[in-house]
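Participant: One structure coming up, written as structure tokens, with questions to follow.
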Amino acid sequence: MIIKKIEILALLGCIALFLTVCQNPFSSGGNGGFKVVTGTVQRGVEWECWVLISTSGKSYELYGERSSEIKKEGIKVKVMGKILTNTVSFCMQGTPLEVISYQKLD
């Protein structure tokens, strides 16, 4: 009987851990979710660091292969990207954002 209770508690613990770690990837920009950000690309403080300053003033550090296409000072873009939560940043300037797609704006 005690072993059954332990097994049930272990199962409940695994379920709770699963629900905590596995989040909805299509959330509106929460941890690990996708986010659409409109703003202006600027050089970061450190070498080779680029940030997207949103229209609301929030900073996003640009990551990913697609980010190299928009790393131009002053360009205005609308970016759809993934918030990176488990990333160690050299630049330490803004929320890490992996660029999935983008649209250049006038």
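Participant: Calculate the FRET efficiency for Ser56 and Ile8 from the Cβ-Cβ distance with a Förster distance of 35 Å, rounded to the nearest 0.05.
Facilitator: On the way: r = 47 Å, r/R0 = 1.33.
Efficiency for this residue pair is about 0.15.
Participant: Eight or more residues apart or on different chains, and alpha-carbon atoms under 17 Å: count the Lys pairs in region 24-104 matching that.
Facilitator: 12
Participant: Need one number: % antiparallel among DSSP beta bridges in region 24-104, to the nearest 5. Kindly include the intermediate steps, with their values, before the conclusion.
Facilitator: Working: 22 of 27 bridges.
The antiparallel proportion sits near 80 percent.
Values in this text are rule-based calculations from the coordinates and carry no lab data. Every value quoted in this text rests on a predicted model; they were computed, and no experiment measured them. Neighbour counts run over all protein chains shown; Cβ positions are idealised from the backbone, glycine included.
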